[in-house]
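Read through the structure below, which is laid out as C-alpha cells, and then see the notes.
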Amino acid sequence: MIEIKESIGIFLKENKKKITGYPIDICMGDQSCDLSSFISSLVLAHAMNVIFVVNMKKDVFESKGELIWVCEKFQINIDDLIFLESPIGWPFKRTFNEYIYFKMGDQKIGLNYLSLILVNHNEITVEINRYPIKMIIDRHRLVPQISKSKTIYIDPEVGSTATLVSMYLSNDLSKKVKEKPKRYQINTNKLCSQIASLLIIPIIVDTNFLKKRISFNDIEQYKKLKRIACLSKKELKNNIKSIKKARRNDQFQSTSIILLKNYKYRSEHIYNYGISVIKCRV
C-alpha cells in the first residue's frame, strides 16, 4: 500500500496548509461518518484535490473500530485528518463560529468563507447550512436546501454512495493526482488499484456482498473495482470479517461516545432533536 500511503499522506498534509486559506472548497460526508461516507468523501476529495474534512469529532471517530481498521490497513494517519468539531445538545443557536471549528491535532481553525462538496449527505449539517454547495453525490433524495447545488449526482436506486463515486470517477480513480509536481509522481496504475480496493469496501458492506438493496450500477461498479484492484472474493470476505470484528467494540466505550457513533442532528419546523442508532445483540 505504498502508493496510496504516499499519495493520501501528501494530500492530507497539503490540506492542512490550505484549510487556513480563503476561500476554500471542502469535501465531507455526513454526521454519522459510516464507512461509505468516510471512504467515498475521502476518495472524491483526493481525486478532485479539494480539502477533505471528517464531519465528526475526533474522539468519536477514534471510537469507531471499522474506521480505525480502514485507516490502519491503508496507512492513513489519523493525526493528518481535519475534523469538524461542534458541541452536541447545547441550547444556543448552532451557527456561532466560536463553537464550531475545524480541528487538526491540537489546533482549532475558525470557519471562513467556504464552498461545499457533499457526499452521502441526505440532509446538510446544520452548522454549515449557510455555505454554498458546489456539488453533491448521494443515493438519497434531495432535501429542499440542497436543490441549489451547481452539480447534483444522485441515484436513489443504488445501494451505496461509493457506487456513485466510482461511476463519477470512471476508470481514473486518481484524477488530479497526475497534476502534482514531478517530485510527487507516483505509479498511478498501482495507486488506482489501491484506491479501488478501498472504494469497493463500502459497496460490499452496504449491499451485504450484493445480496440486498442493489442495482445494476452496484454490480457493475463492484466488478470494475474488483478488476482494477485485482482482489479475490476470498480476500474481500476476509476484509468484511475483519471490519465486523473491529466494529464490535462498544464494551470499551462510554455511553456518550456510543450514542454519538451514529448520531444525526435534525431540525424540522420549530423542533430540534438528535437521533442515535445503536445496534446490539439480543
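Residues whose amide H lies under 5 Å from that of Asp25, counting only those 5 or more places away or on a different chain, are Ile51, Ser115; hydrogens are built 1.01 Å from N in the peptide plane. Each residue of the range 115-121 is assigned a 3J(HN,Hα), and the resulting list reads 10, 10, 10, 9, 10, 6, 10 Hz, derived from the Karplus form 6.51 cos²θ - 1.76 cosθ + 1.60 (θ = phi - 60°), x at Gly and Pro.
For the peptides 255-261, 102-108, 55-61, the ranking by packing is 55-61, 255-261, 102-108, with the highest mean count of neighbouring Cβ atoms within 10 Å listed first. Applying the Karplus relation 6.51 cos²θ - 1.76 cosθ + 1.60 with θ = phi - 60° to the range 204-215 yields 3J(HN,Hα) values of 6, 6, 5, 9, 6, 6, 6, 9, 8, 6, 10, 10 Hz, where x marks Gly and Pro.
Any read-out appearing in this document is the output of simple, stated calculations on the displayed coordinates, not a laboratory observation. Source: prediction; values computed, not measured. So basically every Cβ, Gly included, is an ideal-geometry build from the backbone, and we count neighbours across all protein chains shown.
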